[in-house]
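Working notes, structure below.
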Amino acid sequence: MKFELSFWNYLYIDDYYADMETAVKEWKELGITLGFTFRYAAGKSSRQKMLRLLDLCAENGIRAIVSDDRVFWTQFREKGEKAYAAAVSAAAEDFAAHPACYGFYIGDEPDTSMFDDFGKAYKIFKSICDKVGFINYSWNESLDRKFGGRENYRKFLSDFYTEVSTETVSNDRYSAFNFCDYEPGFLEKGKEYYFADVRMFSGLAKERGVPYFLSQLSCGHFNFRTPDADAIRWQLSTAAACGANAVQWFHIYQHAFHEDYYVYPVDKFGNKSEIYGCIVRETATFREKVLKPLDGFEHETTYFITKAYGGYPLLSRESGCEWFVYADHGMNGILSVFTDGKTKKYMVVNNDQHTPELFWMENKRDSSKNHHLWLAPGGTHVFG
């Protein structure tokens, strides 16, 4: 199972609190396989620091998305096609040939007024550079009103991806971490939105045959709580169970003082919070319990247990699956099917962020394979 661990990074390279050796050491501790470089501003930032960062990534088996302001889509909107093409060419000349360079960051969360310029910027970038042009998307109530529903937006994105020949599909949605029921049903609605988005974007990625990147929460902000170890585990597990090929933590390094952002994994002074340790520990466990057993397998199908979210099917004894799984105390769960083309493996997830649950696995063909076990909040069981 090809799965990258990445993060978002908004800190300029010369504002990082230590040297590049320290940065890559932190990335290794966090289990990062696809870095997101510190921001680079030509003429202001140290080019040597960026090259040193990329050298260290290559030495440690990490590729990186390069964050170079010259490539950001707003440069196209503000300066026009010719100037943007020249800026992209300069950025590519500086960094694209480096073996650690996976691609360049182009933009984030376009709304309807931005898509045309995003597409033009992306095409110019790809006409100059053979690396991945990384764009992240989202779905929110504003887009819902503008497009008249999620399905219309999905159709629009499908056409957009085809037109620009996108090489990745990426989205963010943190609503599963709402602090409380600000209004009746707010917490359940947040969970529904999360899985509906994952289903839509993962489906678009499968249609195009490209990797699916899912941004996950590592920094409490707005009405979203700071995740704990259970929440980090839940995010890794649900991402893999729903077919993601990468998790990107939002975000690791504090880049500014914001009253509506709460706890960062690493603050501006280099202090590490408990969430940093949670990511370190849970990522290491995720590698052993999920990624290693599923090596060589690809996601095929996802079912929900007890209650379905996001338009996913509810598992029943009549479902076309060799296994039936149920939760002893009626908690919510997920059963996902993976295949290597010859055999299948199965992954059960406790889809609760707070409460352990006892899950029973029943094989429809051979009852001697039946088994049961307790799973921690967000915990996983891979078998088959």
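The values are calculated or read from the model by the stated rules, or taken from the named source; none is laboratory data. Remember, it's a predicted structure, so these values are computed and weren't measured experimentally. Here Cβ is always computed from backbone atoms with ideal geometry, including for glycine, and neighbour counts include all displayed protein chains.
Quick notes on this structure:
- Filtering the stretch 231-257 to residues that are closer than 22 Å to Val290 by Cα, of a type in the set (S, T, N, Q) and part of a loop (DSSP other than H, G, I, E, B) leaves only Asn245.
- When Thr74 is tested against the conditions (1) closer than 25 Å to Cys278 by Cβ; (2) among the hydroxyl-bearing types (Ser, Thr, Tyr); (3) assigned to a helix (DSSP H, G or I), the lone failure is (1).
- The residue of the stretch 348-376 that is surrounded by the fewest Cβ atoms within 10 Å (Cβ to Cβ), among those that are touching a Pro at 6+ places or on another chain (Cβ under 8 Å) and without any contact (Cβ under 8 Å) to a residue 24 or more places away in the chain, is Trp374.
- Residue in the stretch 16-62 that is nearest to the chain's Cα centre (by Cα), counting only those that are surrounded by 15 or more Cβ atoms within 10 Å (Cβ to Cβ), among the charged types (D, E, K, R) and closer than 26 Å to Gln75 by Cβ: Arg39
- Subset of the stretch 252-307 (residues that are aromatic (Phe, Trp, Tyr) and surrounded by fewer than 18 Cβ atoms within 10 Å (Cβ to Cβ)): Phe257, Tyr261, Tyr262, Phe269
- Screening Ile65 against (1) of a type outside the set (S, T, N, Q); (2) in contact with a Gly (Cβ under 8 Å, 6 or more places away or on another chain); (3) touching a residue at least 40 places away in the same chain (Cβ under 8 Å); (4) surrounded by fewer than 23 Cβ atoms within 10 Å (Cβ to Cβ) leaves a single unmet condition, (4).
- Criterion: under 19 Å from Phe7 (Cα atoms) and in the same structural domain as Ser138 (by TED's automatic domain parsing) - qualifying residue of Leu204, Leu187, Leu217: Leu217
- Residue match in the stretch 354-368 (condition: over 19 Å from the mean Cα position of the chain (by Cα), among the small types (Gly, Ala, Ser) and outside the structural domain of Ala240 (by TED's automatic domain parsing)): yes
- Hey, Phe324 surrounded by 19 or more Cβ atoms within 10 Å (Cβ to Cβ) and farther than 21 Å from Ser175 by Cβ or not: yes
Rundown of residues vs (1) over 21 Å from Arg199 (Cβ atoms); (2) outside the structural domain of Asp230 (by TED's automatic domain parsing); (3) in contact (Cβ under 8 Å) with a residue 60 or more places away in the chain; (4) not in a helix (DSSP H, G or I), yes/no style:
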{"residue": "Arg281", "(1), (2), (3), (4)": "yes, no, no, no"}
{"residue": "Thr302", "(1), (2), (3), (4)": "no, yes, yes, yes"}
{"residue": "Ala308", "(1), (2), (3), (4)": "no, yes, no, yes"}
{"residue": "Gly311", "(1), (2), (3), (4)": "no, yes, yes, yes"}
{"residue": "Cys321", "(1), (2), (3), (4)": "no, yes, no, yes"}
{"residue": "Phe324", "(1), (2), (3), (4)": "yes, yes, no, yes"}
{"residue": "Gly330", "(1), (2), (3), (4)": "yes, yes, no, yes"}
{"residue": "Ser336", "(1), (2), (3), (4)": "no, yes, yes, yes"}
{"residue": "Tyr346", "(1), (2), (3), (4)": "no, yes, no, yes"}
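- Phe115 farther than 16 Å from Asp197 by Cα and modelled with pLDDT under 95: yes
- Taking first residues from the stretch 179-191 that are outside any loop (DSSP other than H, G, I, E, B) and partners that are loosely packed, with under 10 Cβ neighbours inside 10 Å, the Cβ contacts under 9 Å between residues at least 6 apart in sequence or on separate chains come to Phe186/Cys180; Leu187/Cys180; Lys189/Glu183.
- The residue list Gln235, Gln254 contains one member that is under 29 Å from Leu314 (Cβ atoms) and in the same structural domain as Ser138 (by TED's automatic domain parsing), which is Gln235.
- Pick from the stretch 21-58, criterion among the small types (Gly, Ala, Ser) and part of a loop (DSSP other than H, G, I, E, B), ranking: nearest to Lys272 (Cα to Cα): Gly31
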